[in-house]
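Have a look at the structure below before the remarks.
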Ligand code: SF4
């Protein structure tokens, strides 16, 4: 039985699939590697990963590619679930003997609802699915596989939870599958140097942010890590396989959660002379930052989220405004670029807290920002809180075209006002004379950076236009 690992076709330019924490179409076109699907693919003989969004494949173009496969594992998300169900039904209609499993955080939380939605799905894998799929592909009966939910004698059965994988070094290298099945030139993130290659050096995050999807539903609140030797070995392979790659991205939930290990990896990267970027919370000390910078660190993706103390506390960010300011100052001092993430619509947002966040963003002054609408994904503490307090006003997290929708509102801020705050945030941050001057200077000094920034600026303006058209109903 040949196995296909499918990142299914969804909305145009939707980058919310297997590899993305943010489940919506982005301001600037981006595609993350479907890394989660590549682990089981590397352990299953004669498998194939098909990344439909990155290949720009629609449903009609995807179905013929599946004709030789007896089993298809599809990664689904809260934002795309209803579309993915239709895709599964269309695949079953085309190939009646195929078996289909749904995988990913969304179905980990809602296995029963997912199976009830359609007979086209044979089973659901809850939480990490690497070995679940391997065991199934090897012919183990569903009743003997941990972490699956399936139908049996007209009832839905939930096998016992699968334990988190402790020995991450027992997993294969995903770069082998990137090389075999993907075109690395398809993958792009606006704030990274194109083309980039990303891998995980660990899974899970010890922080407790109430809105954050993966640790709560999928990877857990312990940062499980791979051995440094294995990480370096995979980086070396990536350099060999993808000679045009200009950057390695360590896409861990929080790479700097274990600072001693982050420093150790950095020291081992230094002789390779590569450029790399990663994720961090805004609480890393100067000495660690210096070691990382000295070894080729270019940029941090950092979640500031809000400029209001109480909101940071409510969301259990575990980082204070003072720590964040210190971190930003040190990054500037060391010339480490930052892409700052902010969220509008976290519990108890008000017009004043939005204002504080905008001012805070201008103060810490990241090189680029991303402003998202808070999305209460099922399975997160934020979802339960919003449900309990009656803050949820929408079930759909994205529009018909894959743009984020505001699904929450609070006593002092309507969902419409929260939605509008995103565009205002971007405008107030990017259209500052100081920011424009700094960007022009950067562009003059670095031609490649100029090209990247011009593309990003153009796509961002297009996004604002399309979003406005969608709001007025012209483009839905
Ligand atoms: S620090 Fe980042 S990855 Fe960790 S729980 Fe918070 S938002 Fe999620």
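The values are calculated or read from the model by the stated rules, or taken from the named source; none is laboratory data. Since we're looking at a predicted model, the values are computed, not measured. Quick reminder, even Gly has a Cβ in these numbers, built from the backbone with ideal geometry, and neighbours come from all protein chains shown.
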request  = Quickly run through the range 91-106 and pick out the residues that are assigned to a helix (DSSP H, G or I) and either surrounded by fewer than 17 Cβ atoms within 10 Å (Cβ to Cβ) or modelled with pLDDT under 95 (or both).
outcome  = 93, 94, 105, 106
key: Count of the range 177-233 residues which are away from the ligand (no atom under 16 Å from the Cβ) and either over 23 Å from residue 106 (Cα atoms) or not assigned by TED's automatic domain parsing to the domain that holds residue 249 (or both)   = 29
key: Filtered residues of the range 380-400 (kept if under 11 Å from residue 212 (Cβ atoms) and surrounded by 18 or more Cβ atoms within 10 Å (Cβ to Cβ))   = 380, 382
query = For the range 40-83, what are the residues that are touching a strand residue (DSSP E or B) at 6+ places or on another chain (Cβ under 9 Å), in a helix (DSSP H, G or I) and modelled with pLDDT of 95 or more?
reply = 40, 41, 62, 65, 66
task = Considering every residue within the range 15-38, establish whether at least one is more than 16 Å from the ligand (Cβ to nearest atom), modelled with pLDDT of 95 or more, out of contact with any helix residue (DSSP H, G or I) (no Cβ under 7 Å at 6 or more places or on another chain) and under 25 Å from residue 128 (Cβ atoms).
result = yes
message = Can you tell me which residue is nearest to residue 380 (Cα to Cα) among those in the range 297-324 that are within 16 Å of the ligand (Cβ to nearest atom) and surrounded by fewer than 17 Cβ atoms within 10 Å (Cβ to Cβ)?
response = 316
remark   = Residues of the range 234-254 being free of Cβ contacts under 8 Å to residues at least 60 places away in the same chain, in a strand (DSSP E or B) and either within 16 Å of the ligand (Cβ to nearest atom) or touching a helix residue (DSSP H, G or I) at 6+ places or on another chain (Cβ under 8 Å) (or both), in sequence order, are 248, 250
Leading residue by the ranking (surrounded by the fewest Cβ atoms within 10 Å (Cβ to Cβ)) among those in the range 107-121 that are more than 26 Å from the chain's Cα centre (by Cα) and not in a helix (DSSP H, G or I) = 119
query = Of all residues in the range 256-286, how many are near the ligand (Cβ under 10 Å from one of its atoms) and under 16 Å from residue 234 (Cα atoms)?
reply = 0
message = Based on this model, can you work out whether residue 357 counts as closer than 28 Å to residue 399 by Cα, within 16 Å of the ligand (Cβ to nearest atom) and in a helix (DSSP H, G or I)?
response = yes
inquiry  = Within the range 263-296, take every residue that is closer than 22 Å to residue 32 by Cα and touching a helix residue (DSSP H, G or I) at 6+ places or on another chain (Cβ under 9 Å) and give me the one that is surrounded by the most Cβ atoms within 10 Å (Cβ to Cβ).
reply    = 280
